[in-house]
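One structure is given below, encoded as structure tokens.
Readers should treat all values here as calculations from the given coordinates under stated rules, not as data from a laboratory. This structure is a prediction, so every number in the text was calculated from the model and none was measured. Counting neighbours? That spans all protein chains shown, and the Cβs are built from the backbone with ideal geometry, glycine included.
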Amino acid sequence: MAHLKKILCLMVAALVIMSTGMLPVKTGQAYAAASGVPGTPSLSHNNWDNDGNYTIAMNLWWGNNGTSWKLYENDQPIYESNLTDNTPNQQTAEKSFNGKSEGIYTYKCELVNSYGKTVSSVITVTVQGVANTPTPVTTSTPTPTGTNFPTDTPTQTSTSTTGPATITPTPTPTTGSLTTVCTWKDNKKCAYTPTYDDTFLIGSQEKVEVLHKKYGVKGTIFWNTGDAYDSRWPRLKMILDEGYLDIGAHTVNHPDLTQKTEQEIEYELSNSKRILEEKTGFKCETMAYPYFEHNSKVQQIAAKYYISARGGGMKEGALLESTNPENFYALKSYINLGVGGNNGPQSTLEMMNGWLDDAIRQGAWMIVTNHGVDGEGWEPSPLDKMDKHYAYVQTKNADVWSEGMAEVTKYIKERQSAAVSTVSASDEQTVISLSDTLDNAVFDYPLTLKTKVDSSWNSVTVTQGNITSTKLAAVEGTEKFIYYDAIPDKGQITIHKVN
Ligand SMILES: [Zn+2]
């Protein structure tokens, strides 16, 4: 039974991947020509200081290479360049910009070869506070901010049609405001959620849990409860009790949900959640679709029981999830192919570390779908590769916020619906209100806020409810800011000068 399921999982997953563009490639040939349309390129930028100087990078991690790429800014083609077809290797290209005017720019690119072209997702670059723009009127009036995020807000698009020189500077709503919500927790540059599917891989999950603890990296395990024999529950409980991995659902019977009736989908999604919560005592708030298969009907039912659901790979059209996911019930993820071959190129340590570098550059949410280790399960990775990868993640700790899928989902949804305002401000203290429109019984994850304070303030206490912490002011340019955590709808926040 378990064997049959394993084999079925393997076959269907292979078919899924093959039918979605990750075609098998022959290795060992340096300059094989493309045999079909290009793979999907991803764009990233490095405009972290929001000035007008930055580079847009195009990365194709796998798939057929292009022979040229064309970059669009605000839907207008602005750059084109030839490339060398180096299939099946990865392909990269860059375009740098200098002295861009204040505004919000969207970028996408086309990767082109003789078979056709493939378009990337859209990324957004915000330029603000540069010298060549009119000085914004400064005001001490507190401005509710809430949904103003410094980078990568995909819903913002420019209507400019004639290229960069005439782009109308976008109003900078953060100017004059005192508090903003950081895009990611602790003001880190990206979020990272490693995930592990399938109950029968409990042995592998125990091995990787040791690595998560060793390197302080968090993530999520997805279990199908039909495979959860009595002996497996206490082992799962021990993993969850360590606090590095949380639990999500992977249905009861591991079916392709798109082939099931509404009643059957209801059964699979509601029971897996109920059983996981009863057996472990932990909340089960997210899920992953077996074989990455889902459609709108499946997503609608998932939304009744879960705050988000993970798909995988090219099914969602891209691999890296953005700061503001288009669809929380079709979250994008990289698939760690531990073996490779017929399923696509093997995910080497260098590739996996490269995905993380890309996520940092792009300020994105990186979710990775893993299965077993050391020969166990579908596309298993050597444990040694995972060890080295998580060691690399630890070296990027200043930039990477690793968390479970439920926690990152909560952070994003709270950030998106947060309203922040200054209630009062004096020489000694600032009082801030933080609210959102979400159910407080579920959405109680702390957001990281950034409040501008007077340049004479060096250290402060931050109090919300009966929790007080001491913070030092961060100097950024000529201004000072306090970074701190607060929970929406848990009472006003008081920042008191200590010095
Ligand atoms: Zn599975």
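Take every pair of alpha-carbon atoms less than 8 Å apart whose residues are at least six positions apart; their mean separation over the length of segment 375-457 yields a relative contact order of 21 percent. Each principal axis of segment 418-497 carries a Cα extent, and these read 39, 23, 20 Å when sorted largest first. What separates the Cα centres of segment 261-313 and segment 399-441 is a distance of 27 Å. In segment 348-499, a dipole from Cβ-located charges (positive for Lys and Arg, negative for Asp and Glu) runs towards its positive end, and of Gln416, His496, Thr437 it is His496 whose Cα lies farthest in that direction.
In percent, rounded to a whole number, the relative contact order of segment 418-497 is 37, using alpha-carbon pairs under 8 Å and six or more apart. With only the Cα atoms considered, segment 391-455 has a convex hull volume of 123 Å³ per residue. Over segment 350-492, Cα pairs under 8 Å with separation of 6+ residues give a relative contact order of 17 percent. In the structure shown, the pairs Lys332/Lys388; Lys260/Lys413; Lys108/Lys189; Lys297/Lys490; Lys117/Lys410 are assessed against 32 Å; a Cα-Cα span above that value is assigned to Lys297/Lys490; Lys117/Lys410.
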